[in-house]
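One structure is given below, encoded as structure tokens.
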Amino acid sequence: MFTSTMIQLLLVLVAALCPGIYCFVQPTSNNVAIRNKLQPPTRACNNIVSERAVLAPSAVATSSSTKQTSGELLRLLIRKADVPKKGDALNNQINSLVQALISAKSSFSPTTCIDGPLFASIHFIGNTPLWEKISAGAVRNIKGQKYTLDDNSFTNYAEIWGRHLHLKAVGKFSEIGPVQPVVDENNPFSSITSLFANKQSSLLPTPYDYEARVTGASISLWNKFTLNLTIEGTGTVRVLYADENLRIFLSPTDTNVTKGAGEWESEGLIVVQVRVGLVYDDWVDNL
């Protein structure tokens, strides 16, 4: 049975799940400087992806250099997920690759890059919320998001003590649109033609905003006891980069955080997510 103190704490934790990008860890101030370059990947590292879920084929409008950057970032993220306690040594290189992908401003397909299974949150840039700090370090805790285009629904998922104690927030999302159209100063009609081209194409430009509206949340204990909570809130999910295997989201500074969550997470934070099957091959999707 939940005590009143436990319920209050869990309510706070769920509040941190609610709008937009919910849980951001790995503050950049704590990143460990890498003084030595990474050694070339060993055979075991090269096989690490092939032994898990098969990488999805690329359907993103990217250059070959962007694809290479994405592949290298994916390799480092998998290494970090494999050995979380030692993964901090990779943060500087990961941050550099993240910035390179953001700067590329590649287009993405919502059907193949947003819709689908859970994407596990592996790397974060920003302040660590309280609920992340109290998650049990003795067990593996999976956190991530799942988006479904068929009904425009999403699920925010976070484990506190493995699957034995986890939090879930659900809601609906809708498109807001590109942050700003690409404008050619020499062509006053470029913004119009750019928007028209995007309507004709299945690819969307980055950065691209979605509105996320949380409609409810729940706490599950041992997968037997569930406490449903009435939680509501809205936030903005900004896609900075997305392909079929990884994506980079931003919670803009103008996000309207659910009441009570402001003290538990900061705005303007970045999260890097990887398709869950590439990092946790024993994951069973019951969301």
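The values are calculated or read from the model by the stated rules, or taken from the named source; none is laboratory data. Remember, it's a predicted structure, so these values are computed and weren't measured experimentally. Backbone-built Cβ (ideal geometry, glycine too); neighbour counts: all protein chains shown. Ligands, DNA and RNA are stripped out before the accessible areas are found, and what is left, the full protein with its side chains, is counted by its heavy atoms. Shrake-Rupley method; radii C 1.70, N 1.55, O 1.52, S 1.80 Å.
Here are some residues: Pro110, Pro117, Pro129. Which one is open to solvent by less than 30 Å² (accessible area, probe 1.4 Å), under 28 Å from Ser174 (Cα atoms) and modelled with pLDDT of 80 or more? So that I can check it myself, show each step before the final result.
On the way: Pro117 fails: open to solvent by less than 30 Å² (accessible area, probe 1.4 Å); Pro129 fails: modelled with pLDDT of 80 or more.
On inspection, the qualifying residue turns out to be Pro110.
Considering the range 232-247, the residues that are in a strand (DSSP E or B) and open to solvent by 10 Å² or more (accessible area, probe 1.4 Å) include one that is farthest from Gln273 (Cα to Cα), namely Gly233.
Cβ-Cβ distances below 6 Å connect the following pairs, each with a first residue in the range 151-170 that is within 12 Å of Ile219 (Cβ to Cβ), a second residue that is acidic (Asp, Glu), and a separation of six or more residues or different chains: His166/Glu159.
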